[in-house]
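Contents: one structure, followed by commentary.
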Amino acid sequence: MASSTVRINLDGKPINPLTILMIGAGGFIGSHLCEKILNETPHKILALDVYNDKIKHLLESDSLKWAGRIQFYRINIKHDSRLEGLIKMSDLTINLAAICTPADYNTRPLDTIYSNFIDALPVVKYCSENAKRLIHFSTCEVYGKTIGSFLPKDSPLRQDPAYYVLKEDTSPCIFGSIEKQRWSYACAKQLIERLIYAEGAENGLEFTIVRPFNWIGPRMDFIPGVDGPSEGVPRVLACFSNALLRREQLKLVDGGVSQRTFVYIKDAIEAVLLMIENPDRANGHIFNVGNPNNEVTVRQLAEMMTEVYSKVSGEPALEQPTVDISSKEFYGEGYDDSDKRIPDMTIINKQLGWNPKTSLWDLLDSTLTYQHKTYAEAIKKRGLHVLAR
Ligand code: NAD
Ligand code: UDP
């Protein structure tokens, strides 16, 4: 992007080049956000993470057009005295760092709570003390279960959006009992949201909180046994991709009846860029970022992914592409689930004029094309590709 181009924001104000500290820049969302910022803006990124595999392509060569605008810091924010200095050097801090895979919430609840609450505390504190703006990544999971899920199965009210659409400023946060350790993540995220909100109210912290609703796309998580642990359980996109790549059945937890709305990462990242460049419209707000038009049950997702993957790979689907599994067997003791997640889009629409564009079919098409190109050969080479039985 030419440095001489004058860019203006939604209010017609010039956008000055920023220095952005991105914590968790090496993850799924961070890697896409780095790409977007480097390709389309003049901003500088201080990219902080313990890993950088997903942004290696952005760091490798000095000859790239964004040379000098991204600097990687291999830092664990749990214990590194450089954190405050980096926050002071930046105009804006974006915190993406977290343990955020459901398989960890009930099996590693302490790590989950420390990562999502305790480790985020110094980031909030240093931003507040140094009068620096913060964009913090929370989750749609802070809503927990819908009110509608507690109604009798045959109640007509279950069809009323008032009982299931999730609104930033009015919906309650409904979690399960303490033994259901699934909610350790949601609860930690909720408390850090409350702390950030209180820092805003009492100490004037300029903040924006993002609640992603199932953002998916290339580079999400890992394929077990290829670029992640063989026994690891990633989020549903990678679990289903892994099964498709290996010609195994897709496992439907508790029948796959839970519902989700999926948004394409490239659409979602546009919303984040709008937040970055429109502070007057984004500060003090909590934003749902999702695609209410892309709702499916997990079973429907499995069916659609099977169909898309067959088209992309040219291989016929298995005769029985899915198999049911209990949550206890799949995730272990203490798992529980969000029943339905439809984001209300009023606030992000009003403040930033953002709308998602990509249909579920199209986003699965481009994502599974990427998965196939990236992993199919590696899986075959390792002899992990089980031929159709
Ligand atoms: P991710 O796991 O791909 O990225 C998180 C990154 O943070 C990783 O690269 C990890 O190495 C880094 N990190 C974690 N702890 C760290 C530490 N102590 N020090 C330094 N780096 C650390 O996850 P993601 O999908 O990119 O999610 C980013 C954020 O968005 C998270 O806060 C997550 O809770 C939130 N979120 C994402 C989704 C989604 O749909 N992807 C949904 C809800 C919430
Ligand atoms: N799920 C599934 N099979 C899998 C992985 C996940 O049925 O192999 C289900 C999971 O129980 C949940 C949904 O898919 O109902 C979405 O799971 P994900 O891990 O993506 O995270 P969540 O949306 O729950 O935060």
Can you pull the accessible area of T170 for me, 1.4 Å probe, Å² to the nearest 10? 100 Å²
To the nearest 20 Debye, how big is the dipole of segment 1-140 about its Cα centre, given +1 on the beta carbon of each Lys and Arg and -1 on that of each Asp and Glu? 280 debye
Estimated Rh, segment 92-206: Kirkwood, alpha-carbon pairs, angstrom: 15.5 Å
Relative contact order for segment 154-286, counting Cα pairs under 8 Å that sit 6 or more residues apart, in percent: 26 percent
Top positive-direction residue, dipole computed over the chain with Cβ charges, set L58, P102, I348: L58
Consider a paramagnetic label point 7 Å from the Cα of E315 along Cα→Cβ; state which residues of segment 208-244 have an amide N under 15 Å from it. 224, 226, 240-244
Hey, rough spin-label estimate for K65 and V257, points 7 angstrom out along Cα→Cβ, what's it come to in nanometres? 5.2 nm
Per-residue SASA entry for L96, accessible area with 1.4 Å probe, Å² rounded to 10: 30 Å²
Students sometimes get this wrong: rank Y370, Y331 by accessible area, probe 1.4 Å, all chains present, largest first. Y370, Y331
Under 18 Å by backbone N from the virtual spin label 7 Å along Cα-to-Cβ at N203, the residues of segment 103-132 are 117-132
Roughly how large, in nm² to one decimal, is the mean projection of the convex hull of the alpha-carbon atoms in the chain? 20.0 nm²
Counting Lys +1, Arg +1, Asp -1, Glu -1, what net charge surrounds I269 among other residues with beta carbon under 11 Å of its beta carbon? -2
Quick one: work out the % antiparallel among DSSP beta bridges in segment 98-379, nearest 5. 15 percent
So, with points 7 Å from each Cα along the Cβ direction, the L157-E129 label distance in nm works out to 4.8 nm
Would you kindly state how much longer the chain becomes between R108 and H57 on full extension, computed as 0.36 nm times their sequence separation minus their alpha carbon distance, in nm to one decimal? 15.2 nm
Fraction of accessible area attributable to carbon and sulfur, the chain (%, probe 1.4 Å): 52 percent
Whole-number percent relative contact order across segment 98-379, with pairs defined as alpha carbons under 8 Å at least 6 apart: 25 percent
Residues in segment 308-331 that a label on S359 would reach, taking backbone N under 18 Å of a point 7 Å out along Cα→Cβ: 308-312
The summed charge of the N116 Cβ neighbourhood (under 11 Å; Lys/Arg +1, Asp/Glu -1) stands at -4
Considering only protein heavy atoms, what per residue accessible area in square angstrom results for segment 98-379 with a 1.4 angstrom probe? 42 Å²
Value of relative contact order over segment 1-77, rounded to a whole percent, pairs C-alpha under 8 Å and six or more apart: 30 percent
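The values are calculated or read from the model by the stated rules, or taken from the named source; none is laboratory data. Keep in mind it's a predicted model, so treat the numbers as computed, not measured. Ideal geometry is used to build each Cβ from the backbone, glycine not excepted, and the neighbour counts take in all protein chains shown. To get the accessible areas, we keep the full protein, side chains included, count just its heavy atoms, and leave off ligands, DNA and RNA. Shrake-Rupley method; radii C 1.70, N 1.55, O 1.52, S 1.80 Å.
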